[in-house]
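Report on the following structure.
The values are calculated or read from the model by the stated rules, or taken from the named source; none is laboratory data. Just so you know, these numbers come straight off a predicted model, no measurement behind them. Cβ sites come from the backbone with ideal geometry, for glycine too, and all protein chains shown count toward neighbours.
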Amino acid sequence: MKSAGLICAPSTGKGKGETVGGIDAAAICRWKREEQLKPRIMRASTRPTNKAEAKNFVGSVMSDPVWAPEGPSRLRASRVTFMPGGRTNWHQHAVGQILYVLSGVGRYQLDGQPVQEIRPGDTVVIPPNARHWHGSAPDTMMCHLAMSETDEKGQATTWLEPVSDADYTKTAAKD
Ligand code: MN
């Protein structure tokens, strides 16, 4: 079935009433969506925990996959566990990032601002292309859910230099 060029974006009203090869465009869009996001439960037992890439992190950091971009979704979500002292390098996200702290006590810093303590239940909102880092507290582990999207070019995270011990050990603000 030919459906090339059809824009499947029902929320914008595009394609409404349109037909492709005599078939209702809305139905084609529905099938395309079903192909793209097949309903399933992705079982924990089939997805091993990964060690975070040493070139982008300091210390011991483990990552459990939650979701990787799969059209039409551009979302990536990971549950990341930082052992005490563990943190990301400085980095930035093309479409920003949302962090949700699940356990422990953590640290977060937006470039040019004080280091912040982050705790379970906190949601951290990081704007597009803002230089920042996140990780555990020096003596306490931290686990967060990290959520970000790719931009229209497929770009997501740009990794930069490690966070120095001097920056990491600065006293963290608590509010
Ligand atoms: Mn980040």
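Which residue is modelled with the lowest pLDDT, if the candidates are limited to segment 1-30 and must be surrounded by 14 or more Cβ atoms within 10 Å (Cβ to Cβ) and in a helix (DSSP H, G or I)? In this case the residue turns out to be 10.
Do you know which of the residues in segment 118-137 that are under 14 Å from residue 86 (Cα atoms) and either surrounded by fewer than 16 Cβ atoms within 10 Å (Cβ to Cβ) or among the small types (Gly, Ala, Ser) (or both) is nearest to the ligand (Cβ to nearest atom)? Only one residue fits best here, namely 135.
For segment 68-85, the candidate set comprises residues that are in a loop (DSSP other than H, G, I, E, B) and without any contact (Cβ under 8 Å) to a residue 40 or more places away in the chain; within that set, the residue that is nearest to residue 36 (Cα to Cα) is 71.
A count restricted to segment 138-161 and to residues that are more than 14 Å from the ligand (Cβ to nearest atom) and either at pLDDT 95 or above or of a type in the set (Asp, Glu) (or both) stands at 8. Looking across segment 70-99, the residues that are of a type outside the set (S, T, N, Q), near the ligand (Cβ under 10 Å from one of its atoms) and on the phi < 0 side of the Ramachandran plot come down to 80, 90, 91, 93, 98, 99.
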